[in-house]
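Values quoted throughout were computed directly from the atomic coordinates according to the rules given, and no laboratory measurement underlies them. On a predicted model such as this, the values are computed, not experimentally measured, just so you know. Every residue, glycine as well, gets a Cβ built from its backbone with ideal geometry; the counts of neighbours run over all protein chains shown.
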């Protein structure tokens, strides 16, 4: 070992603290070991401050100090990185919890921490913009919902949204008013079937199911009967559509009870219009005839001196004057009459009478053809309704043939099969009565055909038509669950086909005359001499003995006298003095087992009373008498 120039003896003997040779090598090494041990523990605060001239020792000291500094720097870096990451995680936590005031620091000396802060802030801005857009969209949706709800609530039409299981999901105030139920009672708790009359269930449930298979299979609009909270039935018009991408449907419901009443007025108006036209033609021809009758009878009256003949002529003049008054009444007739209960009529007979009725109206330049089957077809329909339907169609046909042509009226029974029903969803398979009215007139194009049943649509010149004729026809046909179809082409005429469904078909069998005959005694009571005489005549023809009475008092006197001989009483319902029902009660007091039939000029339903219409055929009256006497009725 090289001896160092220390005056005190080198490493081992030098007592000078400031002498570089004042520490032994072993002490320096111990010191270095202590510093390294502290560094290993993470303590970099101690530094070796001594300087030595020996190169190896100084290099060791410098390396230890450098290592200490680098480790200290590394520890500081890790500390700063940990703090930065923790701060960023705290910002992310606050953002996740909805505190969008938190902002990540971008001032870190560590580039990755700084970049992470920048990324978090950028994502925060993007997220804030996304949230702002969502809030804006939510506000717009909310506003749109409020607008739609306000529109639906104030539209003046009842609206409901119906689930696939028929539960009502939504209602508006109009539906509440219409039904009497509150929204809280309805929504999610009640099914729409609870609001409609039972006779409508089958049809409406079928439409509900078909609409969810394919909307085109069910009608978008139809009429029904709604039942409110108090059980009151209201006529309603329903428009239904499917809500896209759901199995829900939305329906608007309009109360048309008032419209129905107005429709009755329109029917009456149409009837008056038809009768007005008819009465003008009839009165003109009738008055021409009466003018000659009354005029010549007047002349004859002045020429005759013989009292008996003069009296006959006076009766002719009186009858003529009465006929003239009748013609005047036809012209002024406008009183609306209550329509009686519909009853079965022979369509063959009615169409024949109607054809004779309209021949003079349509003019000589139009040929009228009637096609009816030999076998009688019976149908329950109000004659007034049938008259309005046919008069409107015939009048339109006449107007479509200003230069003449052919008008055909046809009648037949048909069966509509399932295949036809598929292409015409409103028409159910089954038996129908078909009434066809066709002409060889100007015809219609497709655009006109689409609108002809709309109210107030008319192709006639201004002032020549109301535009209500065919809409009235359409409404009347629908009242009988029927359908009307039109076929037409320009220049090729028009054909209207009316399909009336046959319900409760009862085949009509011809009645054998021998089954109607009898030898019993009948008391006929009627104040009208002609009716009484007519009924008595056909009763006698069929072998019955007849007593006649012109009022209730006379009937009671006859019955008291011949009660053991009289087998049945045929009594008019409406008579001056004692009404028919009271006469029947007095007779029952005289003889409790007495058989009585009440006659009426219109359909009546009286409890525990056998009745018959005067307007039916003699055979039906005889059959009623025979069944009553034989106690089959």
* **Inter-label distance, nm, simple model (7 Å from Cα along the C-beta direction), residue 428/residue 100** => 6.0
* Mean-position separation - Cα centroids, the range 555-578 and the range 125-165, in angstrom -> 78
* Asked: When 88, 96, 343 are ordered from fewest to most other Cβ atoms inside 10 Å of their Cβ, what list results?
  -> 96, 343, 88
* Starting with the fewest neighbours, write out 216, 355, 249 ranked by other beta-carbon atoms found within 10 Å of each beta-carbon. => 216, 355, 249
* Going by the alpha-carbon gyration tensor, a ≥ b ≥ c the square roots of its eigenvalues, is the range 513-629 rounded (a/c under 1.5) or, if a/c is not under 1.5, prolate (a/b greater than b/c) versus oblate? -> rounded
* Quotient of C-alpha Rg and 2.2 N^0.38 Å, computed over the range 155-255 -> 0.98
* Fewest first, what order do 129, 624, 225 take by the number of other Cβ atoms within 10 Å? -> 129, 225, 624
* Structure fact -> Whole-Å distance linking the alpha carbon centroid of the range 88-113 with that of the range 28-75 is 38
* By average C-beta atoms within 10 angstrom, highest first, the peptides 399-410, 67-78 -> 399-410, 67-78
